[in-house]
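Only one structure is covered here, and it is reproduced in the block below.
The values are calculated or read from the model by the stated rules, or taken from the named source; none is laboratory data. Since the structure is predicted, the reported quantities are computational estimates derived from the model, not experimental observations. Note that we place each Cβ from the backbone using ideal geometry, even for glycine, and neighbour counts take in every protein chain shown.
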Amino acid sequence: MKTQRIAAILDSEAVDTDVVVKGWVRTKRGNKNVAFIALNDGSCMRNIQVVVDLHKISEETLKPVTTGACLRVDGRLVRSVGAGQGVEVQAERIEIYGTADPESYPLQKKGHSLEFLRDIAYLRPRTNTFGAVLRIRHAMAYAIHEYFNRNGFYYFHTPIITASDCEGAGAMFQVTTLDVANPPRDEQGKVDYTKDFFGRACNLTVSGQLEGELGALALGRIYTFGPTFRAENSNTPRHASEFWMIEPEAAFYELEDNMELAEDFLKYLIRYALENCREDLEFMNKMWDPGLFERLEFVVKNDFKRLDYTEGIEILKASGEKFEFPCDWGCDLQSEHERYLVEKHFKCPVILINYPKEIKAFYMKQNDDGKTVRGMDVLFPGIGEIIGGSEREADYGKLRARVEELGMSERELWWYLDTRRWGSAPHSGFGLGFDRLLMFVTGLTNIRDVQPFPRTPQHADF
Ligand code: 4AD
Ligand code: MG
């Protein structure tokens, strides 16, 4: 007989039929006559209750059925008389696929701390919390594709291995096949990358944007959705060395259109979670963040506040708050500043625009004031920056001048500059940090707890 997922069986309530369920034991309890096994197969938060008549199946057979063991149960689905579940399985036969020695299996008692679970990240998908987080993660990825597909954006695959540094921050992981202990050297004694695998120095991408722009200037609207890598040594709850980013890029979009897209997109995703991940969100709300539903619903229902960077600075300076970092005009905003604006001042998501050009990347469209650029950051409660984007500099002369001014290599960026030589167009885009979105949607406060296998400085286990 075909195995059915537990979620489907619980929802169907097809009582008085034979069923086969396969899953992992969460708990076992009972007495001399009957045992109750809570079985979970990852298809949903709920377990199915397996009732074992010990006159039919011996206690000896059940001995290795301990927390974490994997079973196949053949039985009959019946209406449950006990509280807490509509249906249960009366076991006819139990096959043990894999035992889990209670002496060594780490996930015994309920209620492990998130810190403890990080150390055993390879096992934590078996917990309720990570089951919920990983199902929500999947649902968000699906909703992202759905949103763009409905709105005429094409999924565009930008390279993971690249020779460019989109953000110009130099925080890149090198990709090389050279012998690092003994690399070939040129006449000046420098490492000779012409002998490297690609004939040049390469790195893992920090962003797919530059290549994404080429897509937008041909297909009109594209988005990327893939892993990005940053070798910055920032040990914060919001930074990971490997994270996933969604980067839409659209021709003929100005900054206004870009802001509208960002707001509509975020609201769509959060609404999708509220409508499709109810059970998992209820668990997160109960276990980790009692304000979760309220916050999610608030973001869906209310307009984001749009504000100039300059006004933001004025508000911060007038606030009387003691910040750890300075917030004078020209400073890059720290998370504490962003969160003050969002959580204390406006009490809603904020889109901050028109930043000083010095603190933003080379590709942003320059304003006529000569000081600011048409960048935008979307700031969220509890998170700070969730999106970073801009209208792009479409003018060849201005872009080239900026590249030169910043001492960037025109030789490396020639292909990007060429897009402004032939058929340039106004265009805009942004990057949404997928893992930061997950933090917001699950209510968890550490990025390490929303990624299946987090990579952070000094941590690349599993
Ligand atoms: O602001 P960032 O650096 O922007 C870019 O990379 C642009 N090229 C995007 C674009 O315009 N197409 O990064 C975008 C977002 C941030 O707002 C944040 O949500 C996330 O990516 N992010 C990180 N998430 C986790 N760990 C890190 N180290 C992150 N760095 C950025
Ligand atoms: Mg940014």
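Can you confirm whether the range 209-220 contains a residue that is assigned to a strand (DSSP E or B), surrounded by 15 or more Cβ atoms within 10 Å (Cβ to Cβ), within 16 Å of ligand 2 (Cβ to nearest atom) and in contact (Cβ under 8 Å) with a residue 40 or more places away in the chain?
No, every residue in the range 209-220 fails to be assigned to a strand (DSSP E or B), surrounded by 15 or more Cβ atoms within 10 Å (Cβ to Cβ), within 16 Å of ligand 2 (Cβ to nearest atom) and in contact (Cβ under 8 Å) with a residue 40 or more places away in the chain.
When you check Glu92 against the structure, is it of a type in the set (Asp, Glu), under 33 Å from the mean Cα position of the chain (by Cα) and at pLDDT 95 or above, yes or no? In short, no.
What are the residues in the range 135-189 that are of a type in the set (D, E, K, R) and either surrounded by fewer than 13 Cβ atoms within 10 Å (Cβ to Cβ) or closer than 30 Å to Glu282 by Cα (or both), if any? Arg135, Arg137, Glu146, Arg150, Asp179, Arg185, Asp186, Glu187 - these are the residues of the range 135-189 that are of a type in the set (D, E, K, R) and either surrounded by fewer than 13 Cβ atoms within 10 Å (Cβ to Cβ) or closer than 30 Å to Glu282 by Cα (or both).
Condition check ((1) more than 30 Å from Thr158 (Cα to Cα); (2) surrounded by fewer than 20 Cβ atoms within 10 Å (Cβ to Cβ)) across all residues:
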| residue | (1), (2) |
| --- | --- |
| Met245 | no, no |
| Glu249 | no, no |
| Tyr253 | no, no |
| Leu261 | no, no |
| Leu274 | yes, yes |
| Asn285 | yes, yes |
| Leu292 | yes, no |
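Among residues of the range 428-448 being more than 11 Å from ligand 1 (Cβ to nearest atom) and touching a Phe, Trp or Tyr at 6+ places or on another chain (Cβ under 8 Å), the one that is nearest to Leu281 (Cα to Cα) is Thr442. The listed residues are Thr177, Thr236, Thr224, Thr228, and the only one of them that is away from ligand 1 (no atom under 16 Å from the Cβ), among the hydroxyl-bearing types (Ser, Thr, Tyr) and at negative phi turns out to be Thr177.
Within the span defined as the range 309-320, one or more residues are touching a Phe, Trp or Tyr at 6+ places or on another chain (Cβ under 9 Å), surrounded by 13 or more Cβ atoms within 10 Å (Cβ to Cβ), of a type outside the set (Val, Ile, Thr) and in a loop (DSSP other than H, G, I, E, B).
Among the residues of the range 362-386, the ones that are over 21 Å from Arg436 (Cα atoms) and within 13 Å of ligand 1 (Cβ to nearest atom) come to 6 in all.
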